[in-house]
Structures are given as C-alpha cells and as structure tokens.
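Since the structure comes first, as structure tokens, the remarks are kept for the end.
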Amino acid sequence: MKIIHISDIHLTIPGEAMGGLDPHARFARALSDICVHHVDAARVIITGDLAHWGERAAYAALRDAVADLPMPVRLMIGNHDDRATFRAVFDTHPADASGFINHAETIDGVRFIYLDTVGTRTHAGHFCAARRDWLRAELAQCQKARLFLHHNPMLVGLPAEDRIAMVAQDRAPFRALIAEHADKIGYIHFGHVHAPIHGRYAGVQFASVPSTGNQSIPDLAEAELLKGAPMAPAYFVLLIDGDDTVIHQIPFDWDGPVMTAGTGWDDWAKPAAMAE
C-alpha cells in the first residue's frame, strides 16, 4: 500500500504570499508530482496547517485544488487553522460527537486514525480527555492502527519547537494511551515541525514530514525563536507492507541537475585518465 503524507501547506487567500513564498504554487507542484508519479497511492493525507490564517478563501482554494485528484484525500487541522471555518467550507467532513475533527477509516485491515490536536488561540497542541476517550474507543476496537496528527505529541529535543508541542498536561496521558496500545499501532505520523524527524515514542515508531512551504532549521540550543528558510520542500511516500514501513522523502520542487549512474561495480570505477 502506498500513502502520500503532506503537511503544513499554509494556504493563504490566493495571491497572498506566506513567508516570502507562494504556498498555492508549491502545493500545486506537489499535487502535480503526485499525479505523475504516484497515481497508484491509496490516499493523500494532509496533516494540518491547511490555511495559514484560517481564512475561508484559503479553504475554498484547498477544496478546489484536491477536488479532482485520482485518489481520496484525508484532511486534519493544525494550529494555524480555524476549526469552524474549516467545517463551514468542508461541510460534509466527518467529525466526532464533540465537534472535533477526529475521524477514522479502515484500509486493508488497518485502522487509519486522524486526530484533531488544535487548541484555542495557541500554537501548542491539545488533546483533551474527550478526545482521548474517542481515541481509546477507536484503538480498543481494532487489531492494527496507524495514527496521523498535526502536532508532535512528544518533545523532539528542539527547545523552541518543543514550546509548541502537545502541552504537558495532555502529553502525559496521551503517551500512556499510546503505550497501552503500542502493540497494535504501526506508526505515528505528524507535521508541525517542518522537518523530517524520526524516532520511537512509547514503543511506537514515528516520523514527521517536511512542509511544502518553508523548512525548519534544527537548533538544539535555541529556546525561544523558531528558525526557518525557504529551502527545498518535500512530501513523504509511505510504502506499507503488513507490519513493515518504508518512508521516502520526495523533493518535488528540485529543478537543478539530475545525475544518473548504473549499479554495476565498473559503473563507479575511477576513469583511467584520472587514475594515472
């Protein structure tokens, strides 16, 4: 099974820049690349920060951009999003009984669980008791699961980024819930940090995906300021085969030279003229 993981597209009202970039153009190039190379994907999953300022026109542009994709799209909201505006534009999008954008589906026997980690007027993640109860019920009734969310639920060792991770009062009980069901959770996937970070958390592998916009510059000492730059964007291709997962980072916007080489021993031999 092939899954496309995109995050932090930060769409604006069309024509407005975000961080010096055109987020719509970059997102469009990502979707074009997917349609050329990964039309066989089972899903495109976008883990939040869909609209940079949570504006209706930005969500309308997203709705139009994904309308004709050849595979289903699954959406989550992030800290830049506005839940009410999102639901007004995507008026048939599923939500849980409390109104959170928590939803789930089963694909090839695996429960794909999509989480809403958004708080009110904060960039940090939240996952309250009501949301944990919903997730607990989902995990209790499945044999295998894979989680997608916007915020990193764990600290990642970047002090500034960790200021806006899932908040401590929710982080501890969320971790306990994950640890309780670690034997059935194949992976945790998230965005938010605008960088590829991989590891293991509560017994479960995790991976964060870069943004289609600006990228983070990891600083393991800076405690206050987030650092970023308009470096090359990327999305992930997840190749899932039973309990095995391979993740490829796709630099869809690279327009520089591409070199090719064979895989035989002699293909990498030093040229004779240079060896003399």
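Applying a threshold of 6 Å to beta carbon distances and a minimum spacing of six or more residues, or different chains, the list of pairs starting in the stretch 65-83 at a residue that is within 22 Å of Leu147 (Cα to Cα) and crowded, with 18+ Cβ neighbours inside 10 Å and ending at one that is modelled with pLDDT of 95 or more and among the polar types (S, T, N, Q) reads Met76/Thr47.
Looking across the stretch 25-47 at every residue that is in a strand (DSSP E or B) and β-branched (Val, Ile, Thr), the one that is surrounded by the most Cβ atoms within 10 Å (Cβ to Cβ) is identified as Ile46. Count of the stretch 200-214 residues, restricted to those that are in contact with a strand residue (DSSP E or B) (Cβ under 6 Å, 6 or more places away or on another chain) and not in a loop (DSSP other than H, G, I, E, B), is 5. State all residues of the stretch 218-276 that are touching a residue at least 40 places away in the same chain (Cβ under 8 Å), assigned to a strand (DSSP E or B) and surrounded by 10 or more Cβ atoms within 10 Å (Cβ to Cβ); if no residue qualifies, say none. Result: Gly228, Tyr235, Phe236, Val237, Leu238, Leu239, Ile240, Thr245, Ile247, Gln249, Ile250.
The residue that is surrounded by the fewest Cβ atoms within 10 Å (Cβ to Cβ), counting only those in the stretch 6-24 that are over 22 Å from Pro196 (Cα atoms) and of a type in the set (A, V, I, L, M), is Ala17. Taking the criterion of being touching a residue at least 40 places away in the same chain (Cβ under 8 Å), within 18 Å of Phe90 (Cα to Cα) and of a type in the set (A, V, I, L, M), the residues of the stretch 14-60 that qualify are Val44, Ile45, Ile46, Leu50, Ala51, Ala57, Ala58. So Lys227 clears everything in (1) closer than 23 Å to Leu62 by Cβ; (2) in contact with a helix residue (DSSP H, G or I) (Cβ under 8 Å, 6 or more places away or on another chain) except one condition, right? Which one? Unmet for Lys227, out of (1) closer than 23 Å to Leu62 by Cβ; (2) in contact with a helix residue (DSSP H, G or I) (Cβ under 8 Å, 6 or more places away or on another chain): (1).
Within the stretch 158-175, residues that are within 15 Å of Arg131 (Cα to Cα) have Cβ atoms under 7 Å from residues that are part of a helix (DSSP H, G or I) and not basic (Lys, Arg) in these pairs: Met166/Phe174, counting only partners at least 6 apart in sequence or on another chain. For the stretch 129-147, residues that are farther than 15 Å from His103 by Cβ and touching a Leu at 6+ places or on another chain (Cβ under 7 Å) total 2. Would the stretch 52-71 turn up any residue that is of a type outside the set (Phe, Trp, Tyr) and assigned to a strand (DSSP E or B)? Checked against the condition, which is being of a type outside the set (Phe, Trp, Tyr) and assigned to a strand (DSSP E or B), the stretch 52-71 yields no hits at all.
When only residues in the stretch 1-41 that are within 25 Å of Ile188 (Cβ to Cβ) and among the small types (Gly, Ala, Ser) count, which is farthest from the chain's Cα centre (by Cα)? Among those residues, the one meeting the criterion is Ala41. Of note, Ala58 satisfies the criterion of being more than 24 Å from His248 (Cα to Cα) and touching a strand residue (DSSP E or B) at 6+ places or on another chain (Cβ under 7 Å).
The values are calculated or read from the model by the stated rules, or taken from the named source; none is laboratory data. Remember, predicted model here, so these are calculated numbers, not experimental data. Backbone-built Cβ (ideal geometry, glycine too); neighbour counts: all protein chains shown.
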